[in-house]
Amino acid sequence: MSSRFALMIDPAESVDDRTDFAETFTVVDPSAPALNVSELSTQRGDGIFESIGVVDGHAQETRAHLDRLAHSADLCDLPAPNTEQWRQAIALATAHTGPGEGVIKLILSRGVEHGPAPTAWVTAAQAPDNTAARTRGIRVVTLDRGYDSGAPARAPWLLLGAKTLSYAVNMAAIREAKRRGADDAIFVSSDGFVLEAPTASVILRFGDRFVTPEPAGAILHGTTQISLFDYLRASGHEVAYDEIATADLATVDAAWLVSSVRLAAPIRGIDSIELAIDAGLTASFNDYLLSPRD
C-alpha cells in the first residue's frame, strides 16, 4: 500500500490563532525523498503518529485522534500540536483519498538531530482490504510483553500510553504470532493480565457484558474501542474497563480486535482455545464503524 498523497507541515505553535494554515503546508511527491538523513523519526523512532480511517471521503473520529496525538506529544515531551492546523491538514489529505476506504497518517517527529524544530507530515493512501479479517475472523496467540502490570507507574519513560513511532517490538510480535500459526497477538503482562494487541485494542464479551482492559497508562487507549463502547451503550449493552486476568480468556463468549483501519475483527481462536464468531453482532459493529463519525 503506497501513499497517494503526502503533505509536509511547518508545525505551528499551539497558541497560534490563525484561521488559515495553508501557507504552512507543502504538498510533496509521495514517491520522492522528503526527509533529511539526520531525521530522528527514522534514526531512532523518536516521534508519534496516528492512523485515521477514511470512509468515502470522511475522516473518522478526527477529534479523538487529535486528542490522542496531543496526549502522546505530552508524554514524549514534544511541542503541543496546533489542533486547527492539523485539522486543516487532515481535511486536505482526506480530499485525496477517493471513494471506499482509505487511511491518513499523521506523523510528528522530534526533527533533525540538533535541529531547531520538529518535523511533521501527513500521508493519505487506500486502505488494505480487510474483508477476510472482518468476516472469517482471526486467530491470535498470547505473548508476554515482558513487564508486570505495575511497570508503567514505576517507569513512565517506557511511554506505554503514547502512540510512538517505535514499533519494532509490535512488528516482531506479529511475526512471532505468524510463526506460531496465528494472524495476530494479544500482549499480556508478566503477572498475568491482558493488555492489548500490537496494533489494536481488545474487546471481550462475557455473557451480556463487554469488557476491555483498563488503560491506566499500560496500554494505548483505542479510539475505535471508545467509539464502539459508545455504540454498545446506546444499544443497551453493559460495557466496562477492568483488569482481565489472562486465565479469563478461556471463559470469554466472544472477542474482537478493533482498530481504526481494520475495524472489528472477530477472534476465532486464542492459543488453543476455539471461539465462536457472532457474525451478526460483528457485522453490526462494522456497519457502525463504517458510518460517518466525527
Among (1) among the aliphatic types (A, V, I, L, M); (2) closer than 23 Å to residue 265 by Cβ; (3) not in a strand (DSSP E or B), residue 162 falls short only on (2)
I'm trying to understand the selection: among the residues of segment 262-273, which are crowded, with 20+ Cβ neighbours inside 10 Å and in a loop (DSSP other than H, G, I, E, B)?
262
Note: among 15, 37, just one is part of a loop (DSSP other than H, G, I, E, B), of a type outside the set (Asp, Glu) and at pLDDT below 95, namely 37
Restricting attention to segment 76-105, which residues are part of a helix (DSSP H, G or I) and either closer than 28 Å to residue 130 by Cβ or among the β-branched types (Val, Ile, Thr) (or both)?
83, 86, 87, 89, 90, 91, 92, 93, 94
Segment 119-146, residues that are part of a helix (DSSP H, G or I) and out of contact with any helix residue (DSSP H, G or I) (no Cβ under 9 Å at 6 or more places or on another chain):
131, 132, 133
Scan segment 165-180 for residues that are among the aliphatic types (A, V, I, L, M) and assigned to a loop (DSSP other than H, G, I, E, B) and jot them down.
165
List the pairs whose first member sits in segment 129-143 and is on the phi > 0 side of the Ramachandran plot, whose second member is at pLDDT 95 or above and outside any helix (DSSP H, G or I), and whose Cβ atoms are under 6 Å apart, counting only residues at least 6 apart or on separate chains?
137/266; 137/268; 137/277
Looking at 52, 9, 48, which one is hydrophobic (A, V, I, L, M, F, W, C), over 18 Å from residue 91 (Cα atoms) and in contact with a strand residue (DSSP E or B) (Cβ under 8 Å, 6 or more places away or on another chain)?
48
Identify the single condition in (1) under 26 Å from residue 230 (Cβ atoms); (2) loosely packed, with under 14 Cβ neighbours inside 10 Å that residue 58 does not satisfy, given that it satisfies every other one.
(2)
Any residue at all in segment 45-60 that is in a helix (DSSP H, G or I) and either on the phi > 0 side of the Ramachandran plot or at pLDDT 95 or above (or both)?
no
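The values are calculated or read from the model by the stated rules, or taken from the named source; none is laboratory data. Note that the structure is predicted; figures quoted are calculated from it, not measured. Every residue, glycine as well, gets a Cβ built from its backbone with ideal geometry; the counts of neighbours run over all protein chains shown.
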